[in-house]
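To start, the structure under review is shown below, and the notes come after it.
The values are calculated or read from the model by the stated rules, or taken from the named source; none is laboratory data. Since the model is a prediction, treat every value here as computed from it, not as a measurement. Note: ideal-geometry Cβ built from the backbone for every residue, glycine included; neighbour counts use all protein chains shown. Just so you know, the surface numbers come from the protein's heavy atoms only, side chains and all, with ligands and any DNA or RNA stripped out. Shrake-Rupley method; radii C 1.70, N 1.55, O 1.52, S 1.80 Å.
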Amino acid sequence: MRLANTKTEGNPGNGCCPPVFFMEGEWDTMIASAAKQSTVLKILFSILVPAINVAGHTGIFIFLRDSELNSIVYAVLAILWGVFGVYFMYWSLNWVVELYSDVWRRRIQPFLFVGPAFLLLSWLLLIPTVRTLIMSFQNAASTEFVGFANYAAVFTDRLLITALRNNLLWVVFGATACIVLGLLIAVLADRSSFERTAKVIIFLPMAISFVAAGVIWKFIYYYQPGDEQVGLLNAIVVALGGEPQAWTSMTQPWNNLFLIAILIWMQTGFAMVIFSAALKGVPDDILEAARVDGAGEIRIFFRIIIPFIMTTILSVSTTIVVFTLKIFDVVMIMTGGQYNTDVVATQFYRQLFMYQNNGYGSTLAMILLIAVIPVIVFNLRQIRKQGGF
């Protein structure tokens, strides 16, 4: 038998370790066996570590759900679980990925960090959306399929048609006013000596929730018979010699317009801040060159400033339109949907949670989603044109 491959362990020059001889092909076999064992370990860890994460987080969730702890202890444990649990999950999964070669590591790591977020969004958004879509084709009790009967009923029911019309009013008047006033205030404030003060005052309503804003404006619009008025608006009207009015129960479309004023009061500050940042990016040399050539300020505004910030205008517009389509809080706080002020969101809430009509409620939710999707797609295309992704 012929000795071929020689492998020396230790340092033979010191004479402490004798050389170790392997038969021909034995060393290659050992390398292949070690590599095979390494691959098996990688696969084992790739299965075991995610399984430990799933089992561990599921166990913690069940423990917190079923335990009767003090509310403070419960809150502390939930925060610790959220922070250290997420850290351990990403650390352990990344440790498994680091065992692979550079090629596979580059392929797997993007999915590793995006994967948990995608699964969470799927659990919270995608699965409920699919379930709502299925329920929209079922009857009120979700016991049998009725096809498109719910969709046909939505577009023939007088109350639901009123809600759709009111949503259109909110988009046309509310969103348009927010965008126009936000741009106008941004232009004027940038040229004034008290720019910061003006912007703080206009932006301040953004710090208030819509529920709080509804309560505030409910006192502003408050009406009671007689000359003594608690509501601010009616107090001013009476002081000027006029008659107090029940502003939120007036005939259409005035009561809706008074509700839309609350949206304008709150969202104009958002539009103003974004437009102001965009206006500061307009090159001064272009504006000065236009003025030297004899262009007036109005012409400069429409021919230079507007085209330069058009992408910002489109982004702000789509954002406010989506927000307006989903309006709910103001209407529910101010009128509860009475006096023909219902919108799609309030009708959805009423049909699903008050009347227990799963079919109608799910159909309204899907109509609202369908109305929002084109606006979101348009916004994403604009962001892509700007190199956002």
Item to check | Subset of segment 133-148 (residues that are at pLDDT below 90 and either at positive phi or assigned to a helix (DSSP H, G or I) (or both)) | outcome: Ser142, Gly147
Checklist entry - Are any residues in segment 278-305 open to solvent by less than 100 Å² (accessible area, probe 1.4 Å) and outside any helix (DSSP H, G or I), and if so, which ones? => result Gly281, Val282, Pro283, Gly294, Ala295, Gly296
Checklist entry - Does segment 344-355 contain at least one residue that is aromatic (Phe, Trp, Tyr), in a helix (DSSP H, G or I), surrounded by 15 or more Cβ atoms within 10 Å (Cβ to Cβ) and touching a Phe, Trp or Tyr at 6+ places or on another chain (Cβ under 8 Å)? => result yes
Checklist entry - Restricting attention to segment 92-130, which residues are of a type in the set (Lys, Arg) and surrounded by 12 or more Cβ atoms within 10 Å (Cβ to Cβ)? => result Arg105, Arg107
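Could you please find all residues in segment 127-150 being touching a strand residue (DSSP E or B) at 6+ places or on another chain (Cβ under 6 Å) and of a type in the set (Phe, Trp, Tyr)? Step through it out loud before you land on a result.
Taking segment 127-150 and keeping what is touching a strand residue (DSSP E or B) at 6+ places or on another chain (Cβ under 6 Å), we get 137-138, 145.
Correct list: Phe137, Phe145.
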Item to check | Condition met for Leu121 (aliphatic (A, V, I, L, M) and either within 20 Å of Val372 (Cα to Cα) or assigned by TED's automatic domain parsing to the domain that holds Gly337 (or both)) | outcome: yes
Checklist outcome for this item: How many residues of segment 149-186 are surrounded by 14 or more Cβ atoms within 10 Å (Cβ to Cβ), modelled with pLDDT of 90 or more and over 23 Å from Tyr339 (Cβ atoms)? The answer is 9
Item to check | Qualifying positions in segment 134-150 - within 18 Å of Val372 (Cβ to Cβ) and out of contact with any helix residue (DSSP H, G or I) (no Cβ under 6 Å at 6 or more places or on another chain) | outcome: none
Next on the checklist: Need the failing condition index for Ile220 against (1) open to solvent by less than 40 Å² (accessible area, probe 1.4 Å); (2) in contact with an Asp or Glu (Cβ under 7 Å, 6 or more places away or on another chain); (3) among the β-branched types (Val, Ile, Thr), just the number.
Outcome noted: (2)
Next on the checklist: Just checking, does segment 84-91 include any residue being on the phi < 0 side of the Ramachandran plot, open to solvent by less than 60 Å² (accessible area, probe 1.4 Å) and among the aromatic types (Phe, Trp, Tyr)?
Outcome noted: yes
Checklist entry - Within segment 223-250, can you find the residues that are over 21 Å from Ile333 (Cβ atoms) and exposed (fewer than 12 other Cβ atoms within 10 Å of the Cβ)? => result Pro225, Gly226, Asp227, Glu228, Ala239, Leu240, Gly241, Gly242, Glu243
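Of the residues Val316, Val330, which single one is more than 21 Å from Met272 (Cα to Cα), touching a Gly at 6+ places or on another chain (Cβ under 9 Å), at pLDDT 85 or above and β-branched (Val, Ile, Thr)?
Val330
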Item to check | Evaluation of Gly269 against (1) under 17 Å from Leu325 (Cα atoms); (2) surrounded by 18 or more Cβ atoms within 10 Å (Cβ to Cβ); (3) touching a Phe, Trp or Tyr at 6+ places or on another chain (Cβ under 7 Å) (one fails), failing number | outcome: (1)
Item to check | Any hit, segment 57-68, residues being open to solvent by 70 Å² or more (accessible area, probe 1.4 Å) and either assigned to a loop (DSSP other than H, G, I, E, B) or acidic (Asp, Glu) (or both) | outcome: yes
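Do we find a residue being closer than 17 Å to Leu263 by Cβ, without any contact (Cβ under 8 Å) to a residue 60 or more places away in the chain, more than 26 Å from the chain's Cα centre (by Cα) and in a helix (DSSP H, G or I) anywhere in segment 239-246?
First, the residues of segment 239-246 that are closer than 17 Å to Leu263 by Cβ: none.
No - not one qualifying residue is present in segment 239-246.
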Next on the checklist: For segment 181-212, give me the residue count where each residue is closer than 13 Å to Ile333 by Cβ and either free of Cβ contacts under 8 Å to residues at least 60 places away in the same chain or touching a helix residue (DSSP H, G or I) at 6+ places or on another chain (Cβ under 6 Å) (or both).
Outcome noted: 4
